[in-house]
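Trainee: Sharing a structure with you now.
The values are calculated or read from the model by the stated rules, or taken from the named source; none is laboratory data. The structure displayed is predicted, hence computed values, not measured ones. Cβ sites come from the backbone with ideal geometry, for glycine too, and all protein chains shown count toward neighbours. Note: accessible area is taken over every heavy atom of the protein model, side chains too, but ligands, DNA and RNA are not part of it. Shrake-Rupley method; radii C 1.70, N 1.55, O 1.52, S 1.80 Å.
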Amino acid sequence: QVQLVESGGGLVQPGGSLRLSCAASGSITIIFNMNWYRQAPGKQRELVASITRGGLTNYADSVKGRFTISRDNAKNTVSLQLSNLRPEDTAVYYCNALIRVYHLNDNNYWGQGTQVTVSS
């Protein structure tokens with residue numbers, strides 16, 4: 001009943017920037033925490049950034065000071081601004097959210113991911 005769709009990935013040189021966006025749609029009552037994860041080939045999926053409905057944020061140490069997460073509750077969107085990118089940031093980035101759907105229990109939902117490649 002809920003779909004999360006990411007956009008904004010691509011190829012960028014080291015030191016460059018990208019902005020990722022994620023839009024949630026469906027029979028949504030409330031979106032609680034929204035998160036960005038990433039997974040590189042051969043690596044475990046890791047939490048990159050999270051944001052509460054009230055706007056409190058947390059970041060992985062590896063991206064702190066370089067990435068910024070934000071959300072628009074009226075539009076049911078979450079964004080991730082990636083700056084000063086490094087080759088080790090190369091991964092598939094996934095949007096995730098805890099959502100209350102009409103007539104159903106709260107559940108976690110995942111997008112299909114968007115590829116970010118940092119290379120010269």
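Trainee: Quick check: is even one residue across the range 100-119 closer than 14 Å to ALA24 by Cβ and of a type in the set (Gly, Ala, Ser)?
Mentor: yes
Trainee: So how many residues does the range 47-83 have that are under 17 Å from GLY9 (Cβ atoms) and of a type outside the set (Ser, Thr, Tyr)? Steps first, please.
Mentor: In the first step, residues of the range 47-83 are kept if they are under 17 Å from GLY9 (Cβ atoms); the result is 48-49, 63, 66-69, 77-83.
Next cut, of a type outside the set (Ser, Thr, Tyr) only: 48-49, 63, 66-67, 69, 78, 80-82.
Number satisfying all stated conditions: 10.
Trainee: State which residue is farthest from THR52 (Cα to Cα) when the search covers only the range 64-81 and only residues that are over 10 Å from the mean Cα position of the chain (by Cα) and small (Gly, Ala, Ser).
Mentor: Checking each candidate, the answer is GLY65.
Trainee: Please work out which residue is least open to solvent (accessible area, probe 1.4 Å), limiting yourself to the range 42-84 and to residues that are out of contact with any strand residue (DSSP E or B) (no Cβ under 6 Å at 6 or more places or on another chain) and in contact (Cβ under 8 Å) with a residue 40 or more places away in the chain.
Mentor: SER83
Trainee: Looking only at the range 17-65, how many residues end up being of a type in the set (D, E, K, R), assigned to a strand (DSSP E or B) and farther than 16 Å from GLU88 by Cα?
Mentor: Qualifying residue count, the range 17-65: 1.
Trainee: Quickly run through the range 2-41 and pick out the residues that are modelled with pLDDT under 95 and open to solvent by 60 Å² or more (accessible area, probe 1.4 Å).
Mentor: THR29, PRO41
Trainee: Return the residue satisfying two criteria in turn: it lies in the range 85-107 and is part of a loop (DSSP other than H, G, I, E, B) and modelled with pLDDT under 95, and of such residues it is least open to solvent (accessible area, probe 1.4 Å).
Mentor: LEU104
Trainee: Going residue by residue through the range 9-17, is there one that turns out to be of a type outside the set (Ser, Thr, Tyr) and either closer than 17 Å to LEU98 by Cα or free of Cβ contacts under 8 Å to residues at least 40 places away in the same chain (or both)?
Mentor: No, every residue in the range 9-17 fails to be of a type outside the set (Ser, Thr, Tyr) and either closer than 17 Å to LEU98 by Cα or free of Cβ contacts under 8 Å to residues at least 40 places away in the same chain (or both).
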